[in-house]
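Mind having a look at this structure? Questions to follow.
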Amino acid sequence: MNLKFIFFIFVAMNLNAQNEIIEKKDSLKEKTLEFHRENFWKNLPKPTNWTTDFENLYTDIEQTKLDSVIANFEKKTKIEIAIVTIDSLKTSKEEFDDFSLNLANKWGVGKYGKDNGILIAISKCYRRIRILNGYGIEKIISDKETKVIIENYFIPDFRREKYYEGTFKGLLEIIKMIESRGGK
């Protein structure tokens, strides 16, 4: 047999074996990630404050400022607002909306029986934001108005990688709108 032909077969077999190893490693990584996400979903940690930053978008000082604004608003109105940033280890892009709703329900954002909670879920890695309004809030702010707030107050700064600034502006606009409509 020709030595070049034997070498070619050897190289082709070796590359095929390497591809199989890589595919197995990728499959194992995907299964491990899915297991981690499923486990996280079932065992959600309790929020540490009004702002829970899994994605590390905010400094400690920024988180404190967001928490302070929300705490003062909650004292006046009894309306609860939670902000959560979600990284790719917690959920997939396709499950982001369902994960956000699950989080709002498990954390119990809003007063019991009043459904007056708002969850602001942000994911830099997926370029997603979702604001979930409890039924009591939907009487004050419509989904259409919430979308306008996202587009006009959150997104412009997010596009410039200014996540705190966009979050702060959006939060203030939500509060302003609720207060102007006598929300309590």
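Bear in mind these aren't lab numbers, they're just calculated from the coordinates by the rules spelled out. Bear in mind the structure is a predicted one, so any value in this text is a computation, not a measurement. Reconstructed Cβ throughout: ideal geometry from the backbone, glycine too, with neighbour counts over all protein chains shown.
Sum up the charges of everything whose Cβ sits under 10 Å from the Cβ of residue 90, counting Lys and Arg as +1 and Asp and Glu as -1, but leave residue 90 out.
Within the 10 Å Cβ shell, the charges total -2.
Moving to a separate point now. Rounded to the nearest 0.05, what FRET efficiency is calculated for residue 30 and residue 105 with R0 set to 30 Å and r the Cβ-Cβ distance?
Numbers: r = 27 Å, r/R0 = 0.91.
Between residue 30 and residue 105 the formula returns 0.65.
Further question on the same structure: Using the Cα atoms of segment 51-180, I'd like the radius of gyration and the largest Cα-Cα distance, Dmax, both in angstrom.
Answer for segment 51-180, Rg first and Dmax second: 13.6, 39 Å.
Ok, one more. Test of the criteria: in segment 89-184, which chymotrypsin sites (Phe, Trp or Tyr not before Pro) are in a DSSP loop and have at most 11 other Cβ atoms within 10 angstrom of their Cβ?
112
Okay, next question. Where the Cα atoms of segment 101-145 are projected onto their three principal axes, how long is each span, largest first, in whole Å?
34, 25, 10
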